[in-house]
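Reviewing the structure listed below.
The values are calculated or read from the model by the stated rules, or taken from the named source; none is laboratory data. On a predicted model such as this, the values are computed, not experimentally measured, just so you know. Cβ: placed from backbone, ideal geometry, glycine included. Neighbour counts: every protein chain shown. Heavy atoms of the whole protein, side chains included, go into the accessibility calculation; ligands, DNA and RNA do not. Shrake-Rupley method; radii C 1.70, N 1.55, O 1.52, S 1.80 Å.
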Amino acid sequence: MDKYDFKTIEQKWQKYWEENQTFHAEIDKSRPKFYALIEFPYPSGQGLHAGHPRPYTAMDIIARKRRMQGYNVLFPIGWDAFGLPTENYAIKNQIHPKTVTESNIAMFTRQCKSFGWSFDWGREVDTTNPDYYKWTQWIFLQLFKHGLAYKKEMAVNWCTECKVVLANEEVVAGECERCSGAVVRKEKSQWMLKITEFAQDLIDGLADVEYPERVKQSQINWIGRSTGAEVNFDTSEGDILRVFTTRPDTLFGATYMVIAPEHPYIDKWQSSLKNIDEIRAYAEKAARKSDFERSEIIKEKSGVKLDGVTAINPVNNAEIPIFISDYVLMSYGTGAIMAVPGHDKRDHEFAKMFGLPIIEVVSGGNVETEAYEDIDEGVMVNSAFLNELSVSEAKSAITAWLKENNKGEKKINYKLRDWVFSRQRYWGEPIPVIWCEKCGWVAVPEEQLPLMLPEIDNYMPTDTGESPLSTLESFINTTCPTCNAPAKRETDTMPQWAGSSWYYLRYADPQNAAEFVSKEALEYWLPVDWYNGGMEHTTLHLLYSRFWHKFLFGTDKVNTPEPYLKRTAHGMILGEDGQKMSKSRGNVVNPLELIENFGADSLRLYEMFIGDFEKTAKWSKDGIKGCKRFLDRIFALEDMLEAEDDGHYSADLCNLMHRTIKKVSEDIEQLKFNTAIAAMMSFLNEVYSKGKINRAELRDLLILLSPFAPHIASEMYEKLDIGAIHEETWPDFDPELCVFDEIEIVLQVNGKIKSRLMTASDTDKDALLAAAHADEAVTAAIAGKEVVKEIVVPGKLVNIVVKM
RNA sequence: GCCGCCGUGGUGGAAUCGGCAGACACAAGGGACUUAAAAUCCCUCGGUAGCAAUACCGUGACGGUUCAAGUCCGUCCGGCGGCACCA
């Protein structure tokens, strides 16, 4: 019985689109452009999973609609192909990563094409292609030349499983984001990118882009701006210990100081410190702990008092002790704090433990039992000239005082750290710099790019933490581009985030051999108009790429301050058990099997119908049936098509048709795909109850459906013999025809529905009230009672309020 | 602890500005067709009471504002995501 032969239809149209390059975009200044972007996939060996089709189909729907709205649409696809999983797979199976990548890309290409997404396959990029990574290296060199890339010996996050350094953003709860391996601290010399230089720009830029509030908030929190002051404390050693505080108002309550275990003053003061051995032992113990271990024992404060060195509180000249403790981090502020136990929980806890004095400087709490941190209520006490001021008044007063007396100044700090950019693995872009004993780090000359990743046999990671490239003499040994002396190449590679930090630029001009992107292409296509991706990239890829873009903008390489005008974020698709899909849980849904059984159109429709696009959704294996059923019924509309047709909607369906166009058009823009589909289902139900549809109605229904289910829509449209559906214009609706002539008015007494009334939609207030009073159920309900109030909302209801 | 999001039938989820709670589907039950099954079509489908018309209850809990609250405000409970000794 199955007349809807989706397999044949889908293959036919996928072939058609490919042969005709239907979705290939070229610069055309006569038309407005629209740049739709999805996060390009990492071509893993597992192939597409059920999570991929959700965002891809969503942007495909937007792209297809925009084309029908007259836009010149750029909707590209490519491969984010460097990275660890490929390398690990390669090692395990003794196949070169390059070969693995090639076959994975071939598989992904085949799979993507079976969904019928309208990508411009002529603009494919591959981050592992030397023609591409040449420009990734080039951008790195621009950063390097502007002093924004530097090498630094530092404690890094070291994944013991992957044997690689991780960026702060890649460490999740003390574990490796990828493999969940333990992360420990390790001293290593690393390439760093100065993203911190752009901290303020990255916050400010958010004001000019359309991102979901939750994305903006996450980025702002991650950057972590806080305003306060730096304050100088004189020490008994005659030098100055500088601290950062957000509460300079509480300076009179500072009863001791704490410095980080790694603080350089320990060395400086060592001859005066009577308990230097104890201090060193504590510092060493702290250094050995991983970040995870440090946070594990969060409840227990520990520390050592410096015996022999004290500090002077600048506001009252009180002599106060100094401690070292691992609750103070060297990497934030100045690595030293003034401790105010009366008004900071951590300081309070520490003070209780070491029996240190607690002074109340803001009234309102009981500082002996608990730190009082409220800043909105309470006034200053025990604070000399600050007394009786509010907290915020005291902040500005003390900041001014500090400046006047040369004891400190206003200061803004950020939690954001510089980006650790080195990876000790093989499968990444070589960092194009050379170490010369005489000249230091020297850039590889741009004309020598790309610096090719050499073909090697052994790309196993090493336990020493050196890159596999470090043993390859032919690669390492070179000459200094500046002085020609023998020199050595950097052997670390870039992180996976490098290639994805600028790929949206390359899409505009993917084959350009002379520039990373031409000016003309930039000016026409950029910025990206709509970028959809996952929440998990908010503080990774999304922040990194904004950083690179802002750098390129600042150096006149791109023409807009922000890369993406609008960002939306889809929810994840979970397995049927409500858990994240994973092989080990056995709850993985294979989308290719579903295409086999139900067709790509049904799967596309179901992924959009499953629920609110922006929220996580649980997979249900039965849900797709309803979508398939819907398409079966659509296909059968051919049998209901009326022979005669005057080119207009029938009187029966005109109203509903306009409302459906309105609903579908507006819902797509708001990512409410589920209700857009529901509206089409309702329309179809109405057609079925009438048993007939005319050509004008079927034509526009198919156009509305085509972004969601392009194969079946194209096929049925072809039979109408009025052209190709992808060249059609998106239908308009007439707002006047969207309203009903007659509507139902609810008649309430004391807010309870007593009756309903069909009336002309433009009936005025007086007439509605009169009609209500004429209604039997209403009159019965108000009989013998005093009418207190009468509320009439035209088009909605009448509510009569009576007293009992 | 902080930031953000969310709690609606058996299930996924609808519900512009506060104005008919449960659209649209899935599952389930009943019926038609069929030798039978699948598919398809029709009907029922939040709870309680009732033969019924109908009445009352019902959007995590409790309060508040309002003629009217899933929606706004307050307090609490539960879940999810992110950050987390950031001074």
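Brief remarks follow.
- With respect to the conditions (1) touching a residue at least 24 places away in the same chain (Cβ under 8 Å); (2) loosely packed, with under 15 Cβ neighbours inside 10 Å; (3) within 40 Å of the chain's Cα centre (by Cα), A:MET716 lacks only one, and its number is (2).
- A:ALA643 vs. criteria over 29 Å from the mean Cα position of the chain (by Cα) and near RNA strand B (Cβ under 9 Å from one of its atoms): no
- Residue satisfying condition, being on the phi < 0 side of the Ramachandran plot, modelled with pLDDT of 80 or more, within 13 Å of RNA strand B (Cβ to nearest atom) and in contact with a strand residue (DSSP E or B) (Cβ under 9 Å, 6 or more places away or on another chain), within set A:ILE743, A:ILE753: A:ILE753
- Conditions (1) within 15 Å of A:GLY534 (Cα to Cα); (2) surrounded by fewer than 21 Cβ atoms within 10 Å (Cβ to Cβ); (3) β-branched (Val, Ile, Thr): number failed by A:THR22: (1)
- Number of positions in segment A:373-421 that are within 14 Å of RNA strand B (Cβ to nearest atom) and assigned to a loop (DSSP other than H, G, I, E, B): 8
- Segment A:734-804 holds strands (runs of 3 or more DSSP E) entirely within its bounds, and those carrying 3 or more residues that are loosely packed, with under 12 Cβ neighbours inside 10 Å map to A:752-760, A:786-793.
- For segment A:295-316, residues that are at pLDDT below 95, open to solvent by less than 30 Å² (accessible area, probe 1.4 Å) and of a type in the set (Gly, Ala, Ser) total 1.
- Tally, over segment A:779-804, of residues that are closer than 21 Å to A:MET758 by Cα, within 11 Å of RNA strand B (Cβ to nearest atom) and either touching a helix residue (DSSP H, G or I) at 6+ places or on another chain (Cβ under 6 Å) or not basic (Lys, Arg) (or both): 12
- Scanning segment A:2-38 for residues that are outside any loop (DSSP other than H, G, I, E, B) and polar (S, T, N, Q) yields A:THR8, A:GLN11, A:GLN14.
- Considering A:LYS65, A:LYS134, A:LYS151, A:LYS92, the condition of being among the charged types (D, E, K, R) and either closer than 23 Å to A:MET460 by Cα or surrounded by fewer than 18 Cβ atoms within 10 Å (Cβ to Cβ) (or both) is satisfied by A:LYS92 alone.
- Helices (runs of 4 or more DSSP H) lying entirely in segment A:160-268 (those with 2 or more residues that are at pLDDT below 95, within 13 Å of RNA strand B (Cβ to nearest atom) and within 26 Å of the chain's Cα centre (by Cα)): A:213-223
- The set of residues in segment A:580-619 that are on the phi > 0 side of the Ramachandran plot and either under 27 Å from the mean Cα position of the chain (by Cα) or open to solvent by less than 50 Å² (accessible area, probe 1.4 Å) (or both) comprises A:GLY599, A:GLY611.
- Filtered residue count, segment A:317-363, keeping only those that are farther than 30 Å from A:VAL156 by Cα, within 11 Å of RNA strand B (Cβ to nearest atom) and among the β-branched types (Val, Ile, Thr): 1
- For segment A:372-384, the condition of being in contact with a Leu (Cβ under 9 Å, 6 or more places away or on another chain), crowded, with 16+ Cβ neighbours inside 10 Å and either modelled with pLDDT under 90 or not small (Gly, Ala, Ser) (or both) holds for at least one residue.
- For A:GLN670, the conditions (1) touching a residue at least 60 places away in the same chain (Cβ under 8 Å); (2) within 33 Å of the chain's Cα centre (by Cα); (3) more than 18 Å from A:SER602 (Cα to Cα) are fulfilled apart from (1).
- The sole residue among A:HIS658, A:HIS726, A:HIS711 that is away from RNA strand B (no atom under 16 Å from the Cβ), touching a Phe, Trp or Tyr at 6+ places or on another chain (Cβ under 7 Å) and either in contact (Cβ under 8 Å) with a residue 24 or more places away in the chain or within 22 Å of A:THR57 (Cα to Cα) (or both) is A:HIS711.
- Test: residue in segment A:101-121 that is acidic (Asp, Glu), under 23 Å from A:HIS570 (Cα atoms) and crowded, with 20+ Cβ neighbours inside 10 Å: yes
- In segment A:614-635, the qualifying residues are those that are more than 8 Å from RNA strand B (Cβ to nearest atom) and not charged (D, E, K, R), and the one that is modelled with the lowest pLDDT is A:TRP619.
- Looking across segment A:683-698 at every residue that is in contact (Cβ under 8 Å) with a residue 24 or more places away in the chain and open to solvent by 50 Å² or more (accessible area, probe 1.4 Å), the one that is nearest to RNA strand B (Cβ to nearest atom) is identified as A:TYR688.
- Residue check, A:SER383 over 17 Å from A:THR255 (Cβ atoms) and over 38 Å from the mean Cα position of the chain (by Cα): no
- Among the residues of segment A:210-254, those that are open to solvent by less than 10 Å² (accessible area, probe 1.4 Å) and hydrophobic (A, V, I, L, M, F, W, C) comprise A:VAL215, A:ILE223, A:ALA229, A:VAL231, A:PHE233, A:LEU241, A:VAL243, A:LEU251, A:ALA254.
- In segment A:331-363, the qualifying residues are those that are surrounded by fewer than 16 Cβ atoms within 10 Å (Cβ to Cβ) and assigned to a loop (DSSP other than H, G, I, E, B), and the one that is modelled with the lowest pLDDT is A:SER331.
- Odd one out for A:GLU562, checked against (1) more than 30 Å from A:GLU520 (Cβ to Cβ); (2) open to solvent by less than 70 Å² (accessible area, probe 1.4 Å): (1)
- Every residue from segment A:517-539 that is surrounded by fewer than 21 Cβ atoms within 10 Å (Cβ to Cβ) and within 22 Å of A:TRP419 (Cβ to Cβ): A:GLY534, A:MET535, A:GLU536, A:HIS537, A:THR539
- Taking each residue of segment A:182-204 that is more than 19 Å from A:PRO495 (Cβ to Cβ) and looking for partners that are of a type in the set (Val, Ile, Thr) and in a helix (DSSP H, G or I) with beta-carbon atoms closer than 9 Å, six or more apart or interchain, yields A:ALA199/A:ILE223; A:GLN200/A:ILE223; A:ILE203/A:ILE220; A:ILE203/A:ILE223.
- Search result, residues across segment A:2-19 that are within 16 Å of A:ASP601 (Cα to Cα), open to solvent by 20 Å² or more (accessible area, probe 1.4 Å) and of a type in the set (D, E, K, R): A:ASP2, A:LYS3, A:ASP5, A:LYS7, A:LYS12, A:LYS15
- Pairing each residue of segment A:612-629 that is touching a residue at least 40 places away in the same chain (Cβ under 8 Å) with any residue that is near RNA strand B (Cβ under 6 Å from one of its atoms) and part of a loop (DSSP other than H, G, I, E, B), provided the two are 6+ apart or on different chains, yields C-beta distances under 6 Å for A:ALA617/A:ILE610; A:ALA617/A:GLY611.
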